[in-house]
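The values are calculated or read from the model by the stated rules, or taken from the named source; none is laboratory data. All of these numbers come straight from a predicted model, not from anything done at the bench. Cβ sites come from the backbone with ideal geometry, for glycine too, and all protein chains shown count toward neighbours. The area values use the complete protein model at the heavy-atom level, side chains included, leaving out ligands, DNA and RNA. Shrake-Rupley method; radii C 1.70, N 1.55, O 1.52, S 1.80 Å.
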Amino acid sequence: MFEIQKPTAIQELKSELLQQKQIRLFVKREDEIDSVISGNKFRKLKYNFIKAKESGITKILSFGGAYSNHIHALAYAGNRYGLKTIGIIRGERIEPLNPTLKDAEDFGMQMVFVNRETYRSKNMDSFLNDLRKQYGDIYIVPEGGSNVLAVQGCTEIIEELNEEFDYICCSCGTGGTLAGIICGLAGVKNVLGFPALKGGEFLKKDIGRLIFEYSDKEFNNWELIPNYHFRGYAKFDWDLISFINDFKSEFGIPLDPVYTGKMMFGVFDLLRRDFFSKGTKILAIHTGGLQGIRGFNERFGNLIK
Ligand SMILES: *Cc1c(COP(=O)(O)O)cnc(C)c1O
């Protein structure tokens, strides 16, 4: 289950800027991890599915917004690996369903729409117990999939590498993926996290907690770069959109506007500002999320080519 046939590819980017700065930049194509699930959500679900199956639980429940990559991946994985899935979705059901939720329903997910206030109790024991009463024996995965088993899955991003990089760069939502990368490196090299949302202080604590939970250690070879969230989750400006479209035509790699586009924009901006010294080797993790482009284009008018 969840066997990834071969390590995801690492692609070197070549450009005048990189040559001029004498920096080598590589992208790990986690977006190509599976033909349907694009990216890190596959890694994050792997050990959760294994545990649910081992415990004999047949239903897995989680939480997400209407465009959630996590919900999409969960629904698909449930369909493919034989677990029923229940998605607690923030907001009202709006017909027709957007492409993310339409897929999730087609994959067989039972979707339950709750108002924002109810959704906010997603981590409270009383709410989780109510859900258990209602849905029976369920395996609950938190929003975004970030628990200690997700961290374990994401350490494998690093285990797959067979060369060294000075910096690993990755987009952050809940920070589970970054925590896995940090644990995988076990204190060597440098890790930069690019939050896709505002509110970096909470995130920093959450990541520290996940790292400690998984490894019983604290590491200090990582930092969050808070300047590239473009005012918040799913917010954007024209610079970001042009960057994403230019990046695809220059390097042939699609980026999503919520996570990977912002991270890569940040990496290039830091490059221009000489954040990295000459001779540095950088690995940027393409965490996927490409399914979200359809919904983004539907809402905002085909901005992403
Ligand atoms: C969810 C997601 C992230 C963030 O992962 P976290 O583990 O929540 O930090 C980054 N990139 C993409 C494409 C995602 O879907």
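Considering only segment 116-127, I want to know if a residue exists there that is within 16 Å of the ligand (Cβ to nearest atom), assigned to a loop (DSSP other than H, G, I, E, B), of a type in the set (S, T, N, Q) and open to solvent by 50 Å² or more (accessible area, probe 1.4 Å). Yes, some residue in segment 116-127 is within 16 Å of the ligand (Cβ to nearest atom), assigned to a loop (DSSP other than H, G, I, E, B), of a type in the set (S, T, N, Q) and open to solvent by 50 Å² or more (accessible area, probe 1.4 Å). Test L271 against the criterion of being closer than 16 Å to C170 by Cα, aliphatic (A, V, I, L, M), open to solvent by less than 40 Å² (accessible area, probe 1.4 Å) and not in a helix (DSSP H, G or I), and give yes or no. Answer is no for this residue.
Candidates are the residues of segment 14-31 that are in a helix (DSSP H, G or I) and crowded, with 16+ Cβ neighbours inside 10 Å; the one that is farthest from the chain's Cα centre (by Cα) is K21. Selection within segment 36-61: residues that are within 16 Å of the ligand (Cβ to nearest atom) and assigned to a loop (DSSP other than H, G, I, E, B). The member of this set that is surrounded by the most Cβ atoms within 10 Å (Cβ to Cβ) is S38.
Condition check ((1) part of a helix (DSSP H, G or I); (2) touching a His at 6+ places or on another chain (Cβ under 9 Å); (3) more than 30 Å from N297 (Cβ to Cβ); (4) open to solvent by 50 Å² or more (accessible area, probe 1.4 Å)) across all residues:
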{"site": "Y76", "(1), (2), (3), (4)": "yes, no, no, no"}
{"site": "K102", "(1), (2), (3), (4)": "yes, no, no, yes"}
{"site": "R132", "(1), (2), (3), (4)": "yes, no, yes, yes"}
{"site": "G153", "(1), (2), (3), (4)": "yes, no, no, no"}
{"site": "L161", "(1), (2), (3), (4)": "no, no, yes, no"}
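Taken together, the criteria place L290 among residues that are touching an Asp or Glu at 6+ places or on another chain (Cβ under 7 Å) and either in the same structural domain as G173 (by TED's automatic domain parsing) or surrounded by fewer than 22 Cβ atoms within 10 Å (Cβ to Cβ) (or both). Evaluation of K198 against the conditions (1) within 12 Å of the ligand (Cβ to nearest atom); (2) at pLDDT below 95; (3) basic (K, R) shows that the sole unmet condition is (1).
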